[in-house]
Amino acid sequence: MAEDLAGKGDPLKTLQLLWGRAPQPKRGPKPRVTLAELVATAIGIADEEGLEAVSTRRVAEAVGIAPMSIYTYVPGKDELLDLMLDAVCGELASCDGEGWRARLEDLARRQFRFSVRHPWVLHFATHRPVLGPGTMRAYETALAAVDGLGLGEIEMDRIVTLLSDYVHGAARGAARERRVKEVTGMSDNEWWQRVEPFVSTIDFSTYPVASRVGPVTGEAYGAHDPEGAFEFGLARVLDGLEAFIARMGAG
């Protein structure tokens, strides 16, 4: 799936919609659906079929309005996508745990599961952030996890960004594996079982380390475990942050 960009639409109109400040028409019939219902419908389509399935026409038809009527709610698809992203980000507005490490660990796991529920979010580039209430609640929650440790504001923001970038990468890897199974019709285990008879005839002695560590001998079916890899990497990221915080004399 190609990557899409947040913030492509009219920035002021998008902000007005995100914060419920869009001008309301003074005349005409009462809207048949609410903006929230329209956004929720678009999210449902993206969750089931991917971001490429979302179009203003498709969403309008799904909520039972004329295709052109959708433009009385949103200027276009770009603004709709930002509304969708902000709405789902509200799901990340909480985390639990005693101490900063436990809170970040819980937050990362929530973000990972969030990406499984809404895989289309992984294909959004948010260089220009969606400054809506859902996104801001999620950001506030993440910052609060490292607040009070004596860190500077930039350091707090970069810790949150580091964790988010790690989860995003791990989640994309997990999503890619699911996609490969959908496209090929084979799980990784089934694929390895298919190639193992041939692989077992190859002399890998010139690759002594790779043949010992990697699954080239047919003895490591399922060695690629996305969730296990995520947990391992998360622990290492948190180990690094623990050392950094200790070095800064905080926490």
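Overview of values
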item: Candidate set: region 179-213, residues that are part of a helix (DSSP H, G or I) and of a type in the set (D, E, K, R); chosen: the one modelled with the highest pLDDT; result: Arg194
item: Candidates Lys30, Lys8, filtered to the one that is touching a helix residue (DSSP H, G or I) at 6+ places or on another chain (Cβ under 6 Å) and at pLDDT below 95; result: Lys8
item: Flag if Leu104 is closer than 19 Å to Gly233 by Cβ, touching a helix residue (DSSP H, G or I) at 6+ places or on another chain (Cβ under 8 Å) and surrounded by 16 or more Cβ atoms within 10 Å (Cβ to Cβ); result: yes
item: Some residue of region 81-88 being under 25 Å from Arg57 (Cβ atoms), acidic (Asp, Glu) and touching a helix residue (DSSP H, G or I) at 6+ places or on another chain (Cβ under 7 Å); result: yes
item: Yes/no for Asp86 being in a helix (DSSP H, G or I), under 15 Å from Asp4 (Cβ atoms), more than 14 Å from the chain's Cα centre (by Cα) and in contact (Cβ under 8 Å) with a residue 12 or more places away in the chain; result: no
item: One residue from Val88, Val59 being modelled with pLDDT of 95 or more, surrounded by 13 or more Cβ atoms within 10 Å (Cβ to Cβ) and either closer than 17 Å to Met136 by Cα or of a type in the set (D, E, K, R) (or both); result: Val88
item: Residue in region 64-71 that is part of a helix (DSSP H, G or I), touching a Pro at 6+ places or on another chain (Cβ under 9 Å), surrounded by 14 or more Cβ atoms within 10 Å (Cβ to Cβ) and not assigned by TED's automatic domain parsing to the domain that holds Pro133 present; result: yes
item: Unmet criterion (only one of (1) modelled with pLDDT of 85 or more; (2) of a type in the set (D, E, K, R); (3) under 25 Å from the mean Cα position of the chain (by Cα); (4) assigned to a helix (DSSP H, G or I)) for Arg176; result: (1)
item: Filter result for the condition that a residue is β-branched (Val, Ile, Thr) and either closer than 30 Å to Ala144 by Cβ or within 19 Å of the chain's Cα centre (by Cα) (or both), over Val63, Val74, Val54; result: Val54
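The values are calculated or read from the model by the stated rules, or taken from the named source; none is laboratory data. Computed from a prediction, not measured in an experiment: that's the story for all the values here. Here the Cβ is made from the backbone with ideal geometry for all residues, glycine too, and neighbour counts use every protein chain on show.
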